[in-house]
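Single-structure report; data block below.
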Amino acid sequence: MSAYEGVRILDFSQGVAGPMAAMLMGDFAAEVVKVEPRQGDRIKDQPGYLTFNRNKEVMSLDLEAPDDLARAKALIALADIALFDHAPGVLERLGLDAATLTAAHPSLIHVWMPPYGTTGDWSQLPPHHSLLTALSGVAFRQGAYGDQPIHLILPLVWYGQGVVGAAAMGAALLERTLSGLGQAVTVSGLHGVAEVTGPVRVLDNPPLPRGAPLGASPSYRLYQCGDGGWLFLGTLFANFYVKAIHALELHESWDELAADPAMARETLMEVFKQKPRDEWLAILKAAGVPCAPVGPREAWFAGSAVEQGNLRKTFDHPELGPVAMPETPARLSESPGSVRGLARRIDAPNWAPRSPANRTAHGHDGKAPLAGIRVLDLGTVIAGAHAGDVLANLGAEVIKIEPIDGDPFRSDAGGFLAYNRGKRGLGIDLKQLTAVELFHDLARQADVVLDNYRHGVRHRLGIDYAALKAVNPRIISCSINAYGDRGDRMTLPGFDPLLQAEGGMMAAQGGADEPVLHTIPVNDVATAAVVAFGVIAALNRREVTGEGQEVLTSLMAQSLTFQLAEVTTYEGRPPNDIGSHDCIGVRALHRFYRCTDNQWLAIVCDRPDEARAVGQVLGLDIGEPAAALAASRDGTLAKALEAAFAERSRDQVVQALVAAGVPAAPALRGPEAFDNAWLNDNRLFEHWTHPRVGEMISVRAYADFARGPGGFQHPTPDLGQHSGELLRELGVAPERIEALFASGAVFEPAEHLSRLAKSARPGDGGVALMTQ
């Protein structure tokens, strides 16, 4: 029996984020009925539609027609969750807003996933990912050669919104088991921005540099080899970098290379050009150096690694033939998900009325949905650490557990501060038997243990799922690794860019030009969101069975999750968009343009009337609208638009375009975004204080809940900061605490440990750059 069996979801959303959220719930056996307008979902002819709506039944209703609206409201009365993604004001006009529906149906969970924000004029724009990245500053965070925004080929923010939306639905269901009541849940596009990019600014420090498309550090960078092929050198930590230097036979120059990163970069660039890529990959892998070739996503999805990981599923479509799509992104041992089939058309769901639920409130009012859930967080770097951060934001008590050397990503840089906020810190040396015994005792009082150790490390330490289950049958043990627990690669170390490279993301963003390292650590943030979803699904199942289980996922699985639509494959599918050198768009009327004073704007036109309106506002003859919509990003029309926009100020021309019905928005720079009125009206950011680092601005929440707000309850902890405090709270005897400290099995921050260097560790710059 899967996690959400028996849960009924009415999915009124379209496009990417909402349908993806409902898809994930359906993968774990929720009964999802997608209610589409009579003309169909706006992406019905795109490959992603097939994947986002798998496992669903699909029916058509016109919510503007009184009879169909009445039918929709009757179905909502039979559902557990009603999911919408309409712009602000639309649901209120239709009587489908949260206040109206939850008043009529107290156990209903009303989920609203608008593509932008919940208020303000920009939230009324037609849904386009490019406009969201422009308005949120995301387009200016991607590494680039020029001072310009970058068009992201993958709709990363909407993918993040989709996974967090599913996690939020699960969290609200879990809260309902305690309170007996449904509630309103909001996961907007800006919540997706928060999860995927997590911008942080230390107010006393200057903004971080933006970074380079190939990577900011010589140890964590793309290199072109002698045959023209590209590889990514993924030596994020010093031990791997030393191995690489030896494998490249540069060890005699180590001191010079370590002292001068610019010289190291130039030296490595020359060395890699001396041999073909496959030869270098063989040399590096034999030396235990994390690396990967850059390749197309099609070869990756069809290849042996994905096959061995059981991450591909194929169905026969009556018109398209075989359709391949990714499997579920996480594996739950006792309540597994499954991809059972393509969407099926129906006239109406076969839902019988239910007897009124016999739900008893337990005094849960005003509490966050995961309040009372305790997580022992062994996660490090980004994927593991950020997963705990998401759970903390949803209300869980998260204890960050670190060895004496600390999380290898630990620093005062924005990335570490962002991914570990909301936790308290406990220092434990799990190499000591007494520390493992203590960990088992802590697990007896915990709900979740989270780690991202390499395959086999948990067992070696004595904290694998079997060991934890022996002391606490209710425990949920979630483990992440690079390549999963199946296949030839399962024991290999791995980092986000290696999956960006081999999974096709870098090649797609670079197009026919050189590949591009995504400044957003795509697979890391995807993994964090999927872990939160998987853990919450297991917690919901535990409410039924009383038993815990193991949750497993990998960076490799997420190399597919954040390009679900792009890897959906069938004969004759339309081609995916591809990027270019400092990509500013995909067509003349879907790209960024520079205005006066070096300000930029974004336009995205899909309809002839929008194309004509651009010409009218700018006084240009754009020709036949259909041809204009298909015009290339660098052709004659694009050049004419460039000249016209260069003579106008950004804000004035954007105002004129929007008034004329053109989907357009200003492209905000990173520092500008922190002060933007619309972003602050939508409560994307909040100010907080780190006791040692100082005043900060960072994201506020990954979802909002009407019955009990989530949010971060603690600043990012220093190494072992709360060790004594936590052990006392958890009931460890004073004399035992004294002995643990005396042996070093547990520790608190010493002066030399708490005063951390503010400079990043080797490779940190490549991922910390997103925190401008």
Scan (1) touching a residue at least 40 places away in the same chain (Cβ under 8 Å); (2) open to solvent by 10 Å² or more (accessible area, probe 1.4 Å); (3) farther than 28 Å from L50 by Cα for the single condition T636 breaks and write down its number. (1)
Output for segment 184-216, where each listed residue is at pLDDT 95 or above and open to solvent by 10 Å² or more (accessible area, probe 1.4 Å): A184, T186, H191, L214
Members of segment 417-439 found to be open to solvent by less than 40 Å² (accessible area, probe 1.4 Å) and assigned to a helix (DSSP H, G or I), listed by number: L417, A418, Y419, A435, V436, L438, F439
Looking only at segment 396-416, which residues are under 30 Å from G670 (Cβ atoms) and assigned to a strand (DSSP E or B)? V398, K400, E402
If we keep only residues of segment 704-719 that are open to solvent by less than 20 Å² (accessible area, probe 1.4 Å) and of a type in the set (G, A, S), then the residue farthest from the chain's Cα centre (by Cα) is G708
Please specify each residue of segment 15-49 satisfying the condition of being open to solvent by 10 Å² or more (accessible area, probe 1.4 Å), farther than 18 Å from P127 by Cα and in a loop (DSSP other than H, G, I, E, B). A29, R38
Could you check segment 311-326 and list, in sequence order, the residues that are part of a loop (DSSP other than H, G, I, E, B) and open to solvent by 70 Å² or more (accessible area, probe 1.4 Å)? P318, E319
Can you find, within segment 295-304, the residue that is nearest to M506 (Cα to Cα) among those that are more than 22 Å from the chain's Cα centre (by Cα) and hydrophobic (A, V, I, L, M, F, W, C)? A299
When you look at D451, is it under 30 Å from P293 (Cα atoms), acidic (D, E) and modelled with pLDDT of 95 or more, yes or no? yes
Enumeration of residues in segment 108-156 that are of a type in the set (V, I, T), open to solvent by less than 10 Å² (accessible area, probe 1.4 Å) and either under 20 Å from the mean Cα position of the chain (by Cα) or within 27 Å of D609 (Cβ to Cβ) (or both): V111, T133, V138, I150
Looking at segment 530-544, can you tell me whether even one residue there is more than 19 Å from T51 (Cα to Cα) and under 13 Å from the mean Cα position of the chain (by Cα)? yes
Selection count, segment 589-619, where residues are over 14 Å from A660 (Cβ atoms) and of a type in the set (D, E): 2
Inspect segment 545-566 for any residue being in contact (Cβ under 8 Å) with a residue 40 or more places away in the chain, open to solvent by 20 Å² or more (accessible area, probe 1.4 Å), in contact with an Asp or Glu (Cβ under 8 Å, 6 or more places away or on another chain) and not in a strand (DSSP E or B) and give the result as yes or no. yes
Considering residues of segment 386-409 that are in contact (Cβ under 8 Å) with a residue 60 or more places away in the chain and of a type in the set (A, V, I, L, M, F, W, C) only, the residue surrounded by the fewest Cβ atoms within 10 Å (Cβ to Cβ): I404
Somewhere in segment 502-515, is a residue within 30 Å of A371 (Cβ to Cβ), modelled with pLDDT of 95 or more and part of a loop (DSSP other than H, G, I, E, B)? no
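Listed here are the residues, each with its yes/no results for (1) surrounded by fewer than 20 Cβ atoms within 10 Å (Cβ to Cβ); (2) over 29 Å from V516 (Cβ atoms).
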| position | (1), (2) |
| --- | --- |
| G585 | no, no |
| D609 | yes, yes |
| A640 | yes, no |
| A660 | yes, yes |
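The values are calculated or read from the model by the stated rules, or taken from the named source; none is laboratory data. Keep in mind it's a predicted model, so treat the numbers as computed, not measured. Here the Cβ is made from the backbone with ideal geometry for all residues, glycine too, and neighbour counts use every protein chain on show. Side chains included, ligands, DNA and RNA excluded: accessible areas come from the protein's heavy atoms. Shrake-Rupley method; radii C 1.70, N 1.55, O 1.52, S 1.80 Å.
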